[in-house]
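> I have a structure I would like to understand better, so I am pasting it below and will then ask my questions one at a time.
The values are calculated or read from the model by the stated rules, or taken from the named source; none is laboratory data. Being a predicted model, the structure only gives us computed values, none of them experimental. Heads up, the Cβs are rebuilt from the backbone with ideal geometry, glycines too, and the neighbour counts pull from every protein chain shown. The protein model used for the area step is the full one, side chains on, heavy atoms only, and it has no ligands, DNA or RNA in it. Shrake-Rupley method; radii C 1.70, N 1.55, O 1.52, S 1.80 Å.
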Amino acid sequence: MTSPTNPASSVKSSPLSLTVLSLLHYQPLHPYGIQRLIKQWGKDQVVNVSQRASLYRTIERLLGAGLIEVRETERDQQYPERTVYEVTEEGRRTTRAWLVEMLAKPKQEYPEFPAALSFLVMLNPEETLKVFSARAESLRASLREIDAIMSVEAEHRLPRVTMLETEYQRVTTSAQLAWLDAVIADLRAGRLSWSPEELIAFAESEGAAAEG
């Protein structure tokens, strides 16, 4: 006899799913209210909510899994009908389980930058210097924005636990910029250089060694 499956177990954790569930812990909300609160609390710096459709899909998955439920439908002449959702007890348990796992277990993620680095040999050193310099300037701008956010948070005397995500963003952005500046310096000094001929010769020698 096949045992019944738990719908909640079929939903994979994701930053957006965790965010929706966490916000519904504070109060019931309709989708627009969730999106507004994400931006108001600065969670859009760590969660991608640029596409409202992705938020609605996430809500539908959580609803189908029984992690949230409909509380009411708001009707107002000034606005279309808005469905208000609240978290269920199963949703509360799942939120905690996801949070503990995400914090405790490093996960293999696949951001764009390392993927592009793995094919850097398709550019020459001059092109690489140009694109890396552009990235470095963008990172410096990001650091200025993060510092401004941290300054505002400090002025409001927020508890540090509420600012850890900003601290983490600053540390990782600063570390990437320091590494990038070092690579740029090596490119400019000629300590890091390559050519198609050198790469072909290296590949051929490696192939010969493997056959031998």
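> Test each condition in (1) more than 22 Å from the chain's Cα centre (by Cα); (2) among the acidic types (Asp, Glu); (3) open to solvent by less than 90 Å² (accessible area, probe 1.4 Å) for Glu81 and report the one that comes out false.
(3)
> Can I ask one more? Kindly indicate whether any position in the stretch 86-101 is open to solvent by less than 90 Å² (accessible area, probe 1.4 Å), modelled with pLDDT of 90 or more and touching a Lys or Arg at 6+ places or on another chain (Cβ under 7 Å).
Yes: the stretch 86-101 contains one or more residues that are open to solvent by less than 90 Å² (accessible area, probe 1.4 Å), modelled with pLDDT of 90 or more and touching a Lys or Arg at 6+ places or on another chain (Cβ under 7 Å).
> In the stretch 102-135, how many residues are loosely packed, with under 10 Cβ neighbours inside 10 Å and not in a helix (DSSP H, G or I)?
Total meeting the criteria: 9.
> Separate question: Scan (1) at pLDDT 95 or above; (2) surrounded by 18 or more Cβ atoms within 10 Å (Cβ to Cβ); (3) out of contact with any strand residue (DSSP E or B) (no Cβ under 8 Å at 6 or more places or on another chain) for the single condition Gly66 breaks and write down its number.
(2)
> Give me the residue from the stretch 69-78 that is closer than 19 Å to Leu23 by Cβ and either of a type in the set (Asp, Glu) or within 23 Å of the chain's Cα centre (by Cα) (or both) and, out of that set, modelled with the lowest pLDDT.
Glu74
> Checking Gln176 against (1) more than 18 Å from Leu117 (Cα to Cα); (2) modelled with pLDDT of 95 or more, which test does it fail?
(1)
> On to the next question. List pairs: first in the stretch 119-144 and in contact (Cβ under 8 Å) with a residue 40 or more places away in the chain, second surrounded by 12 or more Cβ atoms within 10 Å (Cβ to Cβ) and aromatic (Phe, Trp, Tyr), Cβ under 9 Å, 6+ apart or cross-chain?
Val121/Trp194; Asn124/Trp194; Pro125/Trp194
> Something else about it: Within the stretch 19-32, how many residues are under 13 Å from Glu72 (Cβ atoms) and open to solvent by less than 10 Å² (accessible area, probe 1.4 Å)? First the steps, then the outcome.
Within the stretch 19-32, the subset under 13 Å from Glu72 (Cβ atoms) is 27-30.
Within this subset, residues satisfying the condition of being open to solvent by less than 10 Å² (accessible area, probe 1.4 Å) are none.
Total satisfying the criteria: 0.
Matching residues to (1) more than 25 Å from Gly42 (Cβ to Cβ); (2) open to solvent by less than 60 Å² (accessible area, probe 1.4 Å); (3) in a helix (DSSP H, G or I); (4) at pLDDT 95 or above:
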| site | (1), (2), (3), (4) |
| --- | --- |
| Glu137 | no, no, yes, yes |
| Leu143 | no, yes, yes, yes |
| Leu158 | no, no, no, no |
| Val161 | no, no, yes, no |
| Asp181 | yes, yes, yes, yes |
| Glu197 | yes, no, yes, no |
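> Further, regarding this structure: Does the stretch 185-195 contain any residue that is in a helix (DSSP H, G or I), hydroxyl-bearing (Ser, Thr, Tyr), surrounded by 11 or more Cβ atoms within 10 Å (Cβ to Cβ) and more than 16 Å from the chain's Cα centre (by Cα)? I'd like the intermediate steps shown before the answer.
Restricting attention to the stretch 185-195, the residues satisfying the condition of being in a helix (DSSP H, G or I) are 185-189.
So of that shortlist, the ones also hydroxyl-bearing (Ser, Thr, Tyr) come out as none.
No: the stretch 185-195 contains no residue that is in a helix (DSSP H, G or I), hydroxyl-bearing (Ser, Thr, Tyr), surrounded by 11 or more Cβ atoms within 10 Å (Cβ to Cβ) and more than 16 Å from the chain's Cα centre (by Cα).
> Something else about it: Go through the residues of the stretch 146-154 one by one and say whether even a single one is in contact (Cβ under 8 Å) with a residue 24 or more places away in the chain, over 28 Å from Pro31 (Cβ atoms) and in a helix (DSSP H, G or I).
Pass one, the stretch 146-154, residues in contact (Cβ under 8 Å) with a residue 24 or more places away in the chain: 146, 149.
Of the ones still in play, those that are also over 28 Å from Pro31 (Cβ atoms) are 146.
So of that shortlist, the ones also in a helix (DSSP H, G or I) come out as 146.
For the stretch 146-154, residues in contact (Cβ under 8 Å) with a residue 24 or more places away in the chain, over 28 Å from Pro31 (Cβ atoms) and in a helix (DSSP H, G or I): present.
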